[in-house]
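Where a number appears in this text, it was derived from the coordinates with a stated rule and is not lab data. Nothing here was measured: the structure is a model prediction, and the numbers come from that model. As a convention, Cβ positions derive from the backbone with ideal geometry for all residues, glycine included, and neighbour counts pool all protein chains shown.
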Amino acid sequence: MEKLKYERPVINKINAGVTDKFGMGHKIPIIQELEGNKISDLTNKYGSPLFVISEKKIRDKYNTAKQAFTTRYPKVQFAWSYKTNYLNAVCKVFHSEGSWAEVVSGFEYDKAIENGVDGKNIIFNGPDKSIADLTKAIKNGSYIHIDHFDELFDIIKLTETVSEKPKVAIRVNMDTGIYPKWDRFGFNYENGEAWNALNRIMLSGKLELVGLHTHIGTYIMAPEAYGVAASKLADLAINVDKKFNHKIKYIDMGGGFASDNTLKGAYLPGKDTCPSFDDYADSITNALINSNLDTQNLPTLILETGRALIDDAGDVIATVLANKRLADGRRSTIIDIGVNMLFTSFWYDHEIYPTKQTGSHSEDTTIFGPLCMNIDVVRSAIKFPLIQKNDNVVIKRVGAYNMTQWMQFITMRPKIILIDTKGESHIIRENETGQTLTAMEKTPTHLT
């Protein structure tokens with residue numbers, strides 16, 4: 001029997017966690033495998049750090065969300081939010097499940113086309129659409145969500161040179177009772193700007209008004225806010241029908257559903273407090289079916305949820321570089337992935353787990369990344385056991401935004417693998433190399 005390692009007793013101030021009636025004692029579970037693959041096998045094969053995406057979790061989460069809405073409303077269509085994670089493999093999993101594409105830039109639009117999405121199944125959002133982007137979207141029959149009047153006037157002008165009739169919707173911002181109120185995107189409901197835009201579209205006679213869209217915010221913990229938004233969009237649709245005898249084909253509720261991650265400063269874990277898809281579906285569909293919309297011509301309900309569908313499917317494996325004591329006596333652990341690749345560390349307290357058995361003693365620990373930046377803090381305070389250099393940890397729920405917002409800074413971006421539904425692993429993005437970073441550089445001849 002192997003002799004247990006000695007751990008010296010430590011008395012220190014509690015910074016992480018809260019006491020309860022059972023005291024402070026707790027044992028952190030370990031994660032030794034992901035989707036049937038041993039952590040050690042994955043790091044030996046692909047290196048560290050390593051992003052791991054589970055195809056099974058993507059499909060399971062998508063179908064859970066789909067069931068929540070389709071059992072409550074007759075016409076539902078999901079559109080995958082490319083900005084949340086636009087890895088081709090990830091997008092194609094969603095498209096294979098029947099999801100359209102929702103994009104917010106010309107770059108994302110082109111990716112959707114390259115991924116085999118029909119132009120008629122692309123929703124084009126965002127405040128920055130070039131004339132070339134708009135022209136392409138009009139010719140492909142895509143749904144253009146107008147963000148501001150300048151864009152509306154550009155599209156009307158384009159009808160003079162493009163034979164296809166643009167299919168458009170407007171983005172509507174509104175007061176739903178939550179803070180902060182998002183009002184920088186689209187046309188405001190309360191001050192009449194949205195109704196003004198709808199009238200201009202209908203009176204122009206040059207555009208086909210097909211939908212209404214809103215995106216009330218991000219990580220929304222109050223499902224009832226979506227009910228308020230759905231009611232206001234339904235009212236706009238009803239008024240358009242009354243004034244112009246024109247049926248709106250869809251109401252797009254955008255995204256913003258919370259994942260099970262825990263926001264910094266939250267008292268309880270996100271997995272215990274975040275609303276379910278059923279909660280969001282109840283609020284949205286109740287508002288629509290209880291409105292005065294024509295029941296014989298109900299608009300399709302479109303959902304662009306991203307974070308809640310992909311966050312849980314992504315994990316990252318990291319390796320311990322060192323342990324040290326800070327000036328106030330707190331333990332710190334340095335790992336080989338930092339905030340340049342885990343941007344969500346700035347707003348989430350990510351769950352972090354060891355991958356092998358440790359001692360029973362845990363203490364307040366700050367987990368730093370490898371960057372030469374004081375802000376490179378992956379977890380500012382977590383009750384954690386002592387783990388040694390070269391040990392691995394697994395950071396949970398990193399599937400949303402990290403792989404689109406990450407950046408090369410000091411360290412190069414690592415491999416990303418997908419574990420398919422049979423447990424087989426596939427590289428879906430190679431790690432960067434020095435050549436990757438210098439490929440687009442040019443040196444003046446007098447410096448060569």
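Neighbouring Cβ atoms within 10 Å as the yardstick, rank Lys56, Lys120, Lys129, Lys442 fewest first.
Details: Lys56 16, Lys120 11, Lys129 25, Lys442 6.
Arranged by neighbour count, lowest to highest, Lys56, Lys120, Lys129, Lys442 become Lys442, Lys120, Lys56, Lys129.
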- Query: Along region 37-48, what does the Karplus equation 6.51 cos²θ - 1.76 cosθ + 1.60 (θ = phi - 60°) give for ³J(HN,Hα), rounded to whole Hz, x for Gly and Pro?
  - Reply: 9, 5, 4, 4, 5, 5, 5, 5, 7, 10, x, 9
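Counting DSSP beta bridges in the chain, what percent are antiparallel, to the nearest 5? The partial results should precede the final answer.
Numbers: 30 of 67 bridges.
Expressed as a percentage, antiparallel bridges in the chain total about 45.
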- Query: When only DSSP loop residues count, what GluC sites (Glu not before Pro) in region 158-240 have their Cβ near at most 10 other Cβ atoms within 10 Å?
  - Reply: Glu160
- Note on the structure: Any aspartates and glutamates whose Cα falls less than 17 Å from that of Lys181, other than same-chain ones fewer than 8 residues away, would be Asp147, Glu190, Glu193, Glu224
- Task: Describe numerically, in nm with one decimal, the distance between label points set 7 Å from Cα along Cα→Cβ at Asp128 and at Lys422.
- Result: 4.2 nm
- Note on the structure: Checked region 53-193 with the C-alpha gyration tensor, a ≥ b ≥ c its square-rooted eigenvalues, rounded below a/c of 1.5, otherwise prolate if a/b is larger than b/c and oblate if not; verdict oblate
- Message: To test your reading of the geometry: what angle, between 0 and 90 degrees and rounded to tens, separates the Cα axis of helix 149-158 from the longest principal axis of the chain?
- Response: 60 degrees
- Item | Calculated mean projected area of the Cα convex hull in nm² (choose from (i) 25.2; (ii) 29.5; (iii) 28.0), label | (iii)
- Determine which residues of region 357-382 fall in the zone a paramagnetic label at Asp328 would reach in this model, i.e. backbone nitrogen under 14 Å from the point 7 Å along Cα→Cβ. 364-367, 380-382
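Starting with the fewest neighbours, write out His426, His246 ranked by other beta-carbon atoms found within 10 Å of each beta-carbon. Could the numbers behind the result be given before it?
Working: His426 12, His246 16.
With the fewest neighbours first, His426, His246 line up as His426, His246.
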- Separation between the Thr433 and Ser96 pseudo-spin-labels, each 7 Å from Cα along Cα→Cβ, expressed in nm? 2.9 nm
- Message: Just to confirm the number: angle between the C-alpha axis of helix 55-70 and the first principal axis of the chain, 0 to 90 degrees, nearest 10?
- Response: 40 degrees
- Task: Filter the chymotrypsin sites (Phe, Trp or Tyr not before Pro) in region 135-185 to those in DSSP coil with at most 15 other Cβ atoms within 10 Å of their Cβ, and list the result.
- Result: none
- Given charges at beta-carbon only (K, R positive; D, E negative), |dipole| of region 125-305 in Debye: 520 debye
- Query: Which whole-Hz ³J(HN,Hα) couplings does region 295-305 yield from phi under the Karplus relation 6.51 cos²θ - 1.76 cosθ + 1.60, θ = phi - 60°, glycine and proline marked x?
  - Reply: 5, 7, 9, 5, x, 5, 8, 9, 10, 10, 4
- For the chain, the longest principal axis of the Cα atoms and the Cα long axis of helix 193-204 enclose an angle in degrees, to the nearest 10, of 50 degrees
